[in-house]
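Comments concern the structure below.
Each reported figure results from applying straightforward, stated rules to the coordinates on display, with no laboratory input. Computed from a prediction, not measured in an experiment: that's the story for all the values here. Because the Cβ atoms are built from the backbone with ideal geometry, glycine has one as well, and the counts that use them run over all protein chains shown.
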Amino acid sequence: MNILIAEDDMASRKYLARVLEKYGKVDSVIDGIEAVDFILEKIETGETYDLVCLDIMMPRVDGYKALDAIRDIEEEFGAAKRCKVIMTSALNEIDQREPSKEHKHDGYLMKPIDMSELEMMLKQLELI
């Protein structure tokens, strides 16, 4: 599985990468612009990310704007499959937890991320 983590907090980024590396190759970036760049680069090489974990509050471009750009890129390039996106946040945004067409994400996890919740979500998304 190809995994991309976009997280500006180094400790959170390293923790999530360490947890997810047992499921596949993990790339990490520090903001939404880098996330979009990595997605575009991957698609241009004929590959895709299976899972993208996007922090909501990041510098330069937040997680939701990055997600909009990612979905636009997938549509523009006719990606064979849409990557699964899990939004992460330290904020309790109850209205954001449920996936919807408006938000374009597949899951939402509160920080600190609970390992059992993450694994349950990966199973629900049929990634593991």
Inset, instruction - For the range 1-14, name all the residues that are in contact with a helix residue (DSSP H, G or I) (Cβ under 6 Å, 6 or more places away or on another chain) and in a loop (DSSP other than H, G, I, E, B). - result: Glu7
Inset, instruction - Report the residue count in the range 43-56 for those that are out of contact with any Phe, Trp or Tyr (no Cβ under 6 Å at 6 or more places or on another chain) and either closer than 12 Å to Ala80 by Cβ or among the charged types (D, E, K, R) (or both). - result: 6
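Is at least one residue of the range 38-51 in contact with a Lys or Arg (Cβ under 8 Å, 6 or more places away or on another chain), under 23 Å from Asp114 (Cβ atoms) and of a type in the set (Val, Ile, Thr)?
Filtering the range 38-51 down to residues in contact with a Lys or Arg (Cβ under 8 Å, 6 or more places away or on another chain) leaves 48-51.
Okay, now just the ones that are also under 23 Å from Asp114 (Cβ atoms), so 49-51.
Restricting the remaining residues to those that are of a type in the set (Val, Ile, Thr) gives none.
No, every residue in the range 38-51 fails to be in contact with a Lys or Arg (Cβ under 8 Å, 6 or more places away or on another chain), under 23 Å from Asp114 (Cβ atoms) and of a type in the set (Val, Ile, Thr).
Provide a single number: the residues in the range 1-21 that are closer than 24 Å to Ala90 by Cα and either out of contact with any strand residue (DSSP E or B) (no Cβ under 7 Å at 6 or more places or on another chain) or polar (S, T, N, Q) (or both).
Residues of the range 1-21 closer than 24 Å to Ala90 by Cα: 3-21.
The next check asks that each one be either out of contact with any strand residue (DSSP E or B) (no Cβ under 7 Å at 6 or more places or on another chain) or polar (S, T, N, Q) (or both); those that pass are 9-12, 14-15, 18-19, 21.
Here the count works out to 9.
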Inset, instruction - Could you figure out which of (1) in contact with a strand residue (DSSP E or B) (Cβ under 7 Å, 6 or more places away or on another chain); (2) surrounded by 15 or more Cβ atoms within 10 Å (Cβ to Cβ) isn't true of Met57? - result: (2)
Legend entry - Residues of the range 4-42 satisfying the condition of being exposed (fewer than 15 other Cβ atoms within 10 Å of the Cβ) and not hydrophobic (A, V, I, L, M, F, W, C): Lys14, Arg18, Glu21, Lys22, Gly24, Lys25, Asp37, Glu41
